[in-house]
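Here is the structure we will look at.
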Amino acid sequence: MSQSDTLVHLFAGGCGGTVGAILTCPLEVVKTRLQSSSVTLYISEVQLNTMTGASVNRVARVSPGPLHCLKMILEKEGSRSLFRGLGPNLVGVAPSRAIYFAAYSNCKEKMNNIFDPDSTQVHMISAAMAGIYCTFLP
C-alpha cells in the first residue's frame, strides 16, 4: 500500500469519526441526562370516596423517557445544548477512527497475502489488529 493510500485512509477515517460524533452527540447528551437524574413530577389524584372530592397531590419520582428529556432540553436550554461536550469528543474520536481505518486497511492488505483474499479470517484478524493498534498507539 502506498503512502498516499494510507493518507487517504487516515483522512477518510477521521472524517467518518467526526461525522459520527457530530450525529450522535445529541443522543449522548440525552443519555447522560437520563442517567444522571430523575425528575420529580406532581401527580394529581382525585379521591372519589371523600366527602369533598378534592384532589390530593402526591410526589412521585419518575424517570422521563428520551423524547420527553429531549423536549425539555430544547425548551429550557435551546438546540445548542444538545452539542455540549462535542469538542473534547472530537479530539479523541477523529484521530482514533483515522488510525483504526488506516491500520485496518494496511493489515487487511497483508492478511490477503496469507489467507484467502477477503475471507472472514482476513476481516476478523484485521479488525482485531486495528483495535489493538488503536488501544496502544494514542
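The values are calculated or read from the model by the stated rules, or taken from the named source; none is laboratory data. In this text, all values refer to a predicted model and were calculated from it rather than measured experimentally. Note that we place each Cβ from the backbone using ideal geometry, even for glycine, and neighbour counts take in every protein chain shown. All accessible areas refer to the heavy atoms of the entire protein, side chains included, with ligands and DNA or RNA removed. Shrake-Rupley method; radii C 1.70, N 1.55, O 1.52, S 1.80 Å.
Using a Förster radius of 30 Å, what is the FRET efficiency between Ala128 and Glu75 based on their Cβ-Cβ separation? Nearest 0.05, please.
0.10
For labels at Leu90 and Ser2 in the simple 7 Å Cα→Cβ model, what's the distance in nm?
It works out to 3.1 nm between the two label points.
Rounded to the nearest 10 Å², what accessible area does Ser37 show when all protein chains are kept and the probe is 1.4 Å?
About 60 Å², rounded to the nearest 10.
Give, in nm to one decimal, the length gained when the segment between Ala12 and His68 is fully stretched (0.36 nm per residue of separation minus the Cα-Cα distance).
That works out to 16.6 nm of additional length.
Under 18 Å from the Cα of Lys108, which lysines turn up, not counting those fewer than eight places away in the same chain?
none
Would you mind telling me the share, in percent, of accessible area of region 79-118 contributed by carbon and sulfur at probe 1.4 angstrom? All intermediate terms of the calculation are to be shown ahead of the outcome.
Numbers: 1530 of 2600 Å².
Here carbon and sulfur together make up 59 percent of the probe-accessible area.
So which aspartates and glutamates pass the test for Lys71, namely a Cα distance under 19 Å, with those fewer than 8 places away in the same chain ruled out?
Glu28
So between Gln121 and Thr24, what do we pick up on full extension, going 0.36 nm a residue minus the alpha carbon distance?
Extra length from Gln121 to Thr24 when fully extended: 31.8 nm.
Within the set of other residues whose C-beta is less than 13 Å from the C-beta of Phe83, count the net charge using Lys and Arg as +1 and Asp and Glu as -1.
Here the charged neighbours net out to 0.
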